[in-house]
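The values are calculated or read from the model by the stated rules, or taken from the named source; none is laboratory data. Treat the numbers as computed from the prediction; the structure is a model and nothing was measured. For neighbour counting, all protein chains shown are included, and Cβ atoms are generated from backbone atoms with ideal geometry for every residue, glycine included.
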Amino acid sequence: MSLQLKEIQIRSDVVFGDHVTVVQPVNLYGCNIGSGSFIGPFVEIQQEVTIGSRCRIQSHSFICELVTIGDDCFIGHGVMFINDLFENGGPAGADKTKWKKTTIGNRVSIGSNATILPVNICDHVVIGAGAVVTKDIIKPGFYIGNPATFLRGINL
Ligand SMILES: CC(C)(COP(=O)(O)OP(=O)(O)OC[C@H]1O[C@@H](n2cnc3c(N)ncnc32)[C@H](O)[C@@H]1OP(=O)(O)O)[C@@H](O)C(=O)NCCC(=O)NCCS
C-alpha cells in the first residue's frame, strides 16, 4: 500500500492586498486576494483566481481556476464554482483549453450551497441559496432556483 500526502495550505505565490483575514485551514495557491477581504475556513481558491477588495468568502467554498470576483462580494458557505462542463463526456482533465471562465461583478452576493457554472454575472446581483446559475446574468436583481431565474429587482 502506498499513500501520497500533499499539503498545500497557503502557497508562497498567493498575492494578498492589505488587511486580509484568512481563517485556517485553507488551500490557497496562485491567486490574488484583494484588500480587506475575508477567507473563511475550509475554502479552496485555485490559481488564476482574482478576488476583489472587501469580499467575504465563507467557509467550505470552492473557487476554481479562471474565476474572477469583483469588489464587495459575498460568497456564502459551500458555494461551488465550475470551469469544466464535461462537454466531451467526462472531465477535460489537464486540457485547460476546454476550461471556461467565470466573471462575477461588484456587489454580488451568492447564497449558501449555490453552484456557479462558467458564466458572467453583472454588478448588484443576489443569488439565492442552492441556486444553480447556468446562464449569464446581465440585469441586477435576485435570482433563485435550478436553473436560476429572475425573482425580483434590487434597490440600488
Ligand atoms: C433569494 C432570497 C434572497 C430571496 O429572499 P426574498 O426576496 O425575501 O424572497 P421570499 O422569501 O419572499 O421568497 C419569494 C419566493 O421565492 C422562493 N425562494 C426564496 N428563496 C429561494 C431559494 N433560495 N431557492 C428557491 N426558491 C426560493 C420562496 O419560496 C418564494 O416562493 P413563492 O412565491 O412560491 O412562495 C433568499 O431566500 C435567499 O436564498 N437568500 C440567501 C441567503 C444565504 O444563503 N445567506 C448565506 C449566509 S447565512
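Set side by side, the residues Ile75, Ile82, Ile104 differ, and just one is β-branched (Val, Ile, Thr) and either near the ligand (Cβ under 10 Å from one of its atoms) or modelled with pLDDT under 95 (or both), which is Ile75.
In summary, Arg56 fulfils each of the numbered conditions (1) within 16 Å of the ligand (Cβ to nearest atom); (2) touching a His at 6+ places or on another chain (Cβ under 8 Å); (3) not polar (S, T, N, Q) with the single exception of condition (2).
Among the residues making up the stretch 135-147, those that are crowded, with 16+ Cβ neighbours inside 10 Å and either more than 9 Å from the ligand (Cβ to nearest atom) or farther than 20 Å from Val79 by Cα (or both) are Ile137, Pro140. Return yes when Phe62 is of a type outside the set (Val, Ile, Thr) and touching a Phe, Trp or Tyr at 6+ places or on another chain (Cβ under 7 Å) and no when it is not. So Phe62 passes the test. Taking the stretch 18-39 as the range and being under 18 Å from Lys101 (Cα atoms) and outside any loop (DSSP other than H, G, I, E, B) as the test, the residues that pass are Asn32, Ile33.
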